[in-house]
1. Quick test for you: out of GLU56, GLU69, pick the one residue that is in contact with a helix residue (DSSP H, G or I) (Cβ under 8 Å, 6 or more places away or on another chain), more than 30 Å from ILE183 (Cβ to Cβ), at pLDDT below 85 and surrounded by fewer than 13 Cβ atoms within 10 Å (Cβ to Cβ).
2. Return the residues of region 468-500 that are hydroxyl-bearing (Ser, Thr, Tyr) and loosely packed, with under 14 Cβ neighbours inside 10 Å; say none if nothing qualifies.
3. Would you mind finding the one in ALA192, ALA208 that is at pLDDT 70 or above and surrounded by 13 or more Cβ atoms within 10 Å (Cβ to Cβ)?
4. Can you report the number of residues in region 162-176 which are in contact with a helix residue (DSSP H, G or I) (Cβ under 6 Å, 6 or more places away or on another chain) and of a type in the set (Ser, Thr, Tyr)?
5. When only residues in region 374-411 that are within 30 Å of GLU539 (Cβ to Cβ) and at pLDDT 70 or above count, which is least open to solvent (accessible area, probe 1.4 Å)?
6. Mind checking whether some residue in region 101-114 is surrounded by 16 or more Cβ atoms within 10 Å (Cβ to Cβ) and assigned to a strand (DSSP E or B)?
7. For region 349-373, name all the residues that are open to solvent by less than 60 Å² (accessible area, probe 1.4 Å), at pLDDT 70 or above and over 30 Å from ASP271 (Cβ atoms).
8. What are the residue pairs meeting all of these: first residue in region 267-286, first residue over 16 Å from GLU305 (Cβ atoms) and assigned to a loop (DSSP other than H, G, I, E, B), second residue of a type in the set (Val, Ile, Thr) and at pLDDT 80 or above, Cβ atoms under 6 Å, and 6 or more apart or on different chains?
Amino acid sequence: MTMLRSRMLWKIYSVFATFILLSALLVGTLLGRYITNNKLADIQAALQTRSLLLAEVAAPHFTEPPTRELQQSVVSLGKKIHTRMTVINAQGVVLADSDKDPLTMDNHGQRPEVQESRFHDFGQAIRFSKTLQTRMMYLARSVHKSGHFLGYVRTSLPLKIVDQRLAEVRKTIALGVSLVTLISLLLGFLLARHFSRPLTAMTEMSEAMAQGNFGKRLSVKRKDEIGRLEKALNKMAEKSQQRLAIINMDRNKLSAILSCMSEGVIAINKDELIIHINDAAATLLGIDIDNSLNKPIWETTRLHEISKILSDTARDLQIIKRSVKIAYGTYDRIIEMHAAPLQDGIGSAVGAMVVLMDVSELRHLETVRRDFVANASHELKTPITAIRALVETLLDDGEISPKKQQTFLEKIKNQSLRISAIVTDLLALSRFELRDESLAEEPVNLAEITRKTLEDLSLSAIEKQITIELSVPETPLIITGGWDALEQAVSNLLDNAIKYTPEQGHIWLRCFSKDHQAVIEVRDTGIGIEPQDQERIFERFYRVDKARSRELGGTGLGLSIVRHIVMAHGGRVEVKSIPGSGSTFQLIFPLDEN
């Protein structure tokens, strides 16, 4: 913690110190440059004034050859004002100089300050003087009289003294700037420490949160933006702790779900070699896990669609969904494939994974559901439409006879009974499909149920002059189940046999045991069932002859209820039929060995 605080302090302080030092350097440099320029400007102004004085002295002598009087005047004047002075004629010849003999001096007509003054009032230059062997500031001025150009006067001062004075000024500036810098660095250190302490605490808390420790909190004492940040960080830690708890709970749920996953999973690397395959995928594709690992996917499975979806996903780095059909016995399986790329930490592709889901049963159930909704709607719509028409007729026809009214009411009653029968069968079927129908776990004698069913439906058979031949064993045939449900199943089969058997027909109702199984058989001499219909008669609302079924009052749900009751008892239903010769239904149950 101490090291972290120290690093944070020096990081912040280094920023302050850098800023302060750069500011001090900039201020010192600008100030020094300003003073230097100001000093040079003062020297230039002094030289201009002295050049005017020299021009007054030298003006009468430009028209004469150089005289000793001019030389003495220039030397005397130069000593008095401590300035080097030079008089130059129009041709650049030096007429007089305060420091040197003009006869020994070369032509000055090409000096830069002289050239500049020819076209302006004066010219200025700072350069090294070969004559005096030092840096000088020169100021030359052109001299005119009555509009005529006479020559030049030049004043100059050595910059050595100026440099000395500027050096002293720079020392003073450096001392002041250094003092201000030290004070600023001290204040910056205190300010950095003031900010580093809460930042260090927030950094420690952030690192703790990054390691999964969300229980740490900051002590909020400030009321500025840093205090608000500390409050926000505390709140974020609290929220993150809550979200982490939710994520852990969801992760545990997901782990439990994945552990029970029945879908097939295949993963490959970037070389398209299988690196993982689960039992569900191996079973679905009919391959061996041990012989599949580290082998190319296209070599392991015969399904080109699987290897292609994995290759496309690894190449495009996109989630892809496709379907494929697999021939499985006498029917096709529909497999939904969901493929996703596998990526490393930097987003590069390292392989792909596909999840195989067998949706064959789901597709079948969707088809059955759509058919059920359509059939149920149709079956209920027909009697409801009939009732509505009959009621509207009764309401609109005020002169209808009592006899006709009675006929209409009888029809309304029949249609309402039909609706009631459909709803009752739907509720029963729903209970058996959802396993909500209570099946008493008790011994049930199938022979007794068979006798009881015949007693209940014998009157319907007598009305159609149908002969029913009963054959049941003397000894009980015991299975474990529910009496009411089994009785309903046998009753539905016998009722159908009576309805679809012509008058003076024959029905055989038998109950017997065979191969440690109990069998209830209903055989009739009715209209029979076509082979293509025998696979579908147990579907809800499926009728072989719709017009005849409705005429006989059937709901189209009886055989579907029979199948669900038998399946709930661990049995099965079998049907054999010859069109025009009759049908045979068998309910087969496992016998109670106890």
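1. Working: GLU56 fails: in contact with a helix residue (DSSP H, G or I) (Cβ under 8 Å, 6 or more places away or on another chain).
Answer to the selection: GLU69.
2. Applying the first criterion (hydroxyl-bearing (Ser, Thr, Tyr)) to region 468-500 yields 471, 475, 480, 491, 500.
Those that are hydroxyl-bearing (Ser, Thr, Tyr) and loosely packed, with under 14 Cβ neighbours inside 10 Å: SER471, THR475.
3. Working: ALA192 fails: at pLDDT 70 or above.
Selected residue: ALA208, the only one of ALA192, ALA208 that is at pLDDT 70 or above and surrounded by 13 or more Cβ atoms within 10 Å (Cβ to Cβ).
4. Summing the residues that are in contact with a helix residue (DSSP H, G or I) (Cβ under 6 Å, 6 or more places away or on another chain) and of a type in the set (Ser, Thr, Tyr) in region 162-176 gives 0.
5. First pass over region 374-411, keeping only residues within 30 Å of GLU539 (Cβ to Cβ): 374-389, 411.
Imposing the further condition that a residue be at pLDDT 70 or above reduces the set to 383-389, 411.
Values: PRO383: 0, ILE384: 93, THR385: 74, ALA386: 31, ILE387: 35, ARG388: 158, ALA389: 50, LYS411: 100 Å².
Going through the qualifying residues, I end up with PRO383.
6. no
7. Matches in region 349-373: VAL359, SER360.
8. Between residues of region 267-286 that are over 16 Å from GLU305 (Cβ atoms) and assigned to a loop (DSSP other than H, G, I, E, B) and residues that are of a type in the set (Val, Ile, Thr) and at pLDDT 80 or above, the close pairs are LYS270/VAL350; ASN278/VAL265.
The values are calculated or read from the model by the stated rules, or taken from the named source; none is laboratory data. As the structure is a prediction and not an experimental result, all values here were calculated from the model. Neighbour counts are summed over all protein chains in view; Cβ atoms, including those assigned to glycine, are modelled from backbone coordinates with ideal geometry. SASA here: full protein model, heavy atoms, side chains in, ligands and nucleic acids out. Shrake-Rupley method; radii C 1.70, N 1.55, O 1.52, S 1.80 Å.
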